[in-house]
Each structure stands twice: as structure tokens, then as C-alpha cells.
Amino acid sequence: QVQLAESGGGLVQTGGSLRLSCAASGRTFSRYAMGWFRQAPGKEREFVAAITGGGITYYEDSVKGRFTISRDNAVSMVYLQMNSLKPEDTADYYCAARGLGYSRFPGSYDYWGQGTQVTVSS
């Protein structure tokens, strides 16, 4: 069982930055691939970025070069550094854990946090 809790969301202007954090419980954190997803009002949940237990990273094309996912297995944390934010990045952001490695599909993740809201004003 893994419990996840996101933090760090908020209101930021276009071009600004935010750092999202995800705190995970459980002693086997390093075995899980971790993903960040987002869901805007009226839209489906979509993949943003993921990182394997060994640190290999994957990104959705629209965030490449702007967002960076990282993890610290020693303290069971995952981060999403978001730079050059755009209004279209506005969404609820969710952290998720998957026991079978990397995936871009939300339905394949085993555990989810409650989400943190990010609003980018124009």
C-alpha cells in the first residue's frame, strides 16, 4: 500500500514557475515508477511526466524543456519543477505510483494522490 500527498500548487502568472512535491508512504518507494498527471475542467486526465525507480524520465511533448521530474528515494519524494508556465498548463495535478514500471496511461497506475491545483493567469 502506498499513500501519496501532493503539495505546491497555486496561482502563478504566465512565464512563472512552480515546484510540485509528492510525499509517499511505504518502505518500497524506490520500486515504483512515479508519474505526474493533470486534469483540466471538462477534460480527461493526461500524462505529464514519469520517472522510473532508477531515474529514467519521460515527458509529454508539450512540457519537454519546461518541466523536470525528479525523485529522492531516501525520503520517498517526487518533484515536478515547472518553468515557463502557460495558461494551458492550468489543471489539477496528480501524483501516481505504478508497481510495474513506466506507463503513460492513467488507468495503469496503482495509487493516486488527491491532487493539487495549478492556475496560470494570462
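The values are calculated or read from the model by the stated rules, or taken from the named source; none is laboratory data. None of the values given here were measured: they were computed from a predicted structure. Positions of Cβ are generated from backbone atoms using ideal geometry, with glycine treated the same way; all protein chains shown enter the neighbour counts. Protein only, heavy atoms only, side chains kept; ligands, DNA and RNA dropped before computing areas. Shrake-Rupley method; radii C 1.70, N 1.55, O 1.52, S 1.80 Å.
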In the range 113-122, what residues are assigned to a strand (DSSP E or B) and either at positive phi or under 12 Å from the mean Cα position of the chain (by Cα) (or both)? Thr116, Gln117, Val118
Scanning the range 75-105 residue by residue, those open to solvent by less than 60 Å² (accessible area, probe 1.4 Å), more than 16 Å from Arg31 (Cβ to Cβ) and more than 12 Å from the chain's Cα centre (by Cα) turn out to be Asn83, Leu85, Pro87, Asp89, Thr90
If the requirement is being in contact (Cβ under 8 Å) with a residue 40 or more places away in the chain, open to solvent by 50 Å² or more (accessible area, probe 1.4 Å) and of a type in the set (Asp, Glu), which of these qualifies: Asp110, Asp72? Asp110
Residues of the range 73-112 being out of contact with any Gly (no Cβ under 7 Å at 6 or more places or on another chain) and assigned to a strand (DSSP E or B), in sequence order, are Met77, Val78, Tyr79, Leu80, Gln81, Met82, Ala91, Ala97, Tyr111, Trp112
The correct count of residues that are modelled with pLDDT of 95 or more, surrounded by 13 or more Cβ atoms within 10 Å (Cβ to Cβ), part of a loop (DSSP other than H, G, I, E, B) and not hydroxyl-bearing (Ser, Thr, Tyr) in the range 4-59 is 5
